[in-house]
Amino acid sequence: MTGIDDPRLMEAKALPVQAVVDKIGISGLSARSGELIGPCPLCVGRDRFGINIRSHAFQCRKCDLRGGDMIALVQGVLGLGFKDALSYLCGDLPDSIDPRELERRRAYAKRQAERAEAKQNMWRKQAVDEARSIWARALPGSRGVVAAYLRSRGIVMPSIPDSLRFLVDHQYGKGKVPYSGPCMIAGIFDRNGELQAVHQTWVDRKPPHGKALIEHDGETLPAKLVKGAKKGNVIPLITPPHADTLVMGEGIETTLSAYVAEVPGLNGAAFWAGVDLGNMSGRMKREPGKRYSGVPDLEDGRAFVPPPWVRRLVFIQDGDSDPAATRAKLRSGLQRAMHFNRGLVAQIVPAPTGCDLNDVLRGGGHV
Ligand SMILES: [Zn+2]
């Protein structure tokens, strides 16, 4: 029994991430919005390493430790080949397996998968509850640092969208980093208009109120964090009553830059931020030899699909990341939208290379 018939493959797939992490001896990871995050087992650091609890994909931001499942994690951390890694996780493969033993292993794998899913659902619910409590505490964006922050990014708006709020003094992350300060809170909503997550941007206390510089243990931390369940959900910034065009960029700034640019042909359009590229693309089908196929996996029930009123969908392509991967992801999202929304016209509007639309507006780019 070898290859795809090997029951240990199924078993390895169903092993809870935490069990594998403990077995290999990776320490210092903590659960954060569906991921285990912490020091890299190979090159250390503070929070450069993460494992997705649902998909089992893992990645280090510094070294080349990355992969898609727990067998690959064992291979990477312990320097083992595939077969040895599999034996390490599930024991040696006997010459023949008793059908009852096979059945037992299958049942075990199924139970573990169900348990992992239940745990994942519990974490998601907790994160959504926290996001809702932050949103409820936040004040209308028209009254605080939001306008100043947007102006510092070159965006001057006649009025601040309802989906942007703020907190005067908001604790960073989960409180492990001793930093708090003014924060722009953007609401991330699902297709029923219910708040599922918040996008938080910590803002410098001092004028011109740009992004806050948050440093801890010699590392600069991201000034933007998402809390809650963002998948498939959006930040609805501008939604005119009779819009039939939806313009979507990754971030709040890129999307609003496109809005205030008053591009002819986009008059009366809605402008929503998709939070991040992966969120706009949804899951992609895997194709051999390709990292990003650009073909949507239509089974992904949590991917973004535009509402039925959208007849034309425009994705803004930021020029500041890997162009081929970016384009593949945007294509995946647009194709999914066209599949579920027949007759939809889809477009990608590229921003100039090396900067995003927001940089162009601030005079930093070359048009
Ligand atoms: Zn590393």
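Given the condition in contact with a strand residue (DSSP E or B) (Cβ under 7 Å, 6 or more places away or on another chain) and surrounded by 19 or more Cβ atoms within 10 Å (Cβ to Cβ), answer yes or no: does some residue in region 149-162 qualify?
yes
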Item to complete: Please note which strands (runs of 3 or more DSSP E) are completely contained in region 187-227 and include at least 3 residues that are open to solvent by less than 40 Å² (accessible area, probe 1.4 Å).
Response: 195-202
Practice prompt. Would you please name the residue that is nearest to the ligand (Cβ to nearest atom), looking only at residues in region 46-66 that are open to solvent by 30 Å² or more (accessible area, probe 1.4 Å) and part of a strand (DSSP E or B)?
Written response: Arg48
Worksheet item: So which of Gly76, Gly154 is assigned to a helix (DSSP H, G or I) and modelled with pLDDT under 95?
Response: Gly76
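Every residue, every condition in (1) surrounded by 17 or more Cβ atoms within 10 Å (Cβ to Cβ); (2) within 20 Å of the chain's Cα centre (by Cα); (3) outside the structural domain of His242 (by TED's automatic domain parsing); (4) modelled with pLDDT of 90 or more, yes or no:
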| site | (1), (2), (3), (4) |
| --- | --- |
| Ala328 | yes, yes, no, yes |
| Arg342 | no, no, no, yes |
| Pro350 | no, no, no, no |
| Val367 | no, no, no, no |
Worksheet entry | Which numbered condition Gly28 fails, given (1) free of Cβ contacts under 8 Å to residues at least 40 places away in the same chain; (2) more than 16 Å from the ligand (Cβ to nearest atom); (3) part of a loop (DSSP other than H, G, I, E, B) | (2)
Discussion item. Can you tell me which of (1) surrounded by fewer than 17 Cβ atoms within 10 Å (Cβ to Cβ); (2) over 18 Å from Ala19 (Cα atoms); (3) within 16 Å of the ligand (Cβ to nearest atom) is the one Phe82 doesn't meet?
Written reply: (3)
Item to complete: Six or more apart or on different chains, Cβ under 8 Å: which pairs go from a residue in region 50-67 that's in contact (Cβ under 8 Å) with a residue 60 or more places away in the chain to one that's more than 9 Å from the ligand (Cβ to nearest atom) and part of a strand (DSSP E or B)? Could you list them?
Response: Ile53/Ala31; Ile53/Glu35; Ile53/Leu36
Worksheet entry | In region 301-315, residue nearest to Arg286 (Cα to Cα) [restricted to those that are open to solvent by less than 10 Å² (accessible area, probe 1.4 Å) and outside any loop (DSSP other than H, G, I, E, B)] | Phe315
Discussion item. Could you check region 5-25 and list, in sequence order, the residues that are open to solvent by less than 60 Å² (accessible area, probe 1.4 Å), touching a residue at least 40 places away in the same chain (Cβ under 8 Å) and away from the ligand (no atom under 16 Å from the Cβ)?
Written reply: Asp6, Pro7, Arg8, Leu9, Glu11, Ala12, Ala14, Leu15, Pro16, Val17, Val20
Worksheet item: Assuming Asp69 fulfils every condition listed in (1) surrounded by 16 or more Cβ atoms within 10 Å (Cβ to Cβ); (2) within 12 Å of the ligand (Cβ to nearest atom); (3) modelled with pLDDT of 90 or more apart from one, which condition is it?
Response: (2)
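The values are calculated or read from the model by the stated rules, or taken from the named source; none is laboratory data. Please read all numbers here as calculations on a predicted model, not as lab measurements. Neighbour counts run over all protein chains shown; Cβ positions are idealised from the backbone, glycine included. Areas reflect the complete protein model, heavy atoms only, side chains present, ligands, DNA and RNA absent. Shrake-Rupley method; radii C 1.70, N 1.55, O 1.52, S 1.80 Å.
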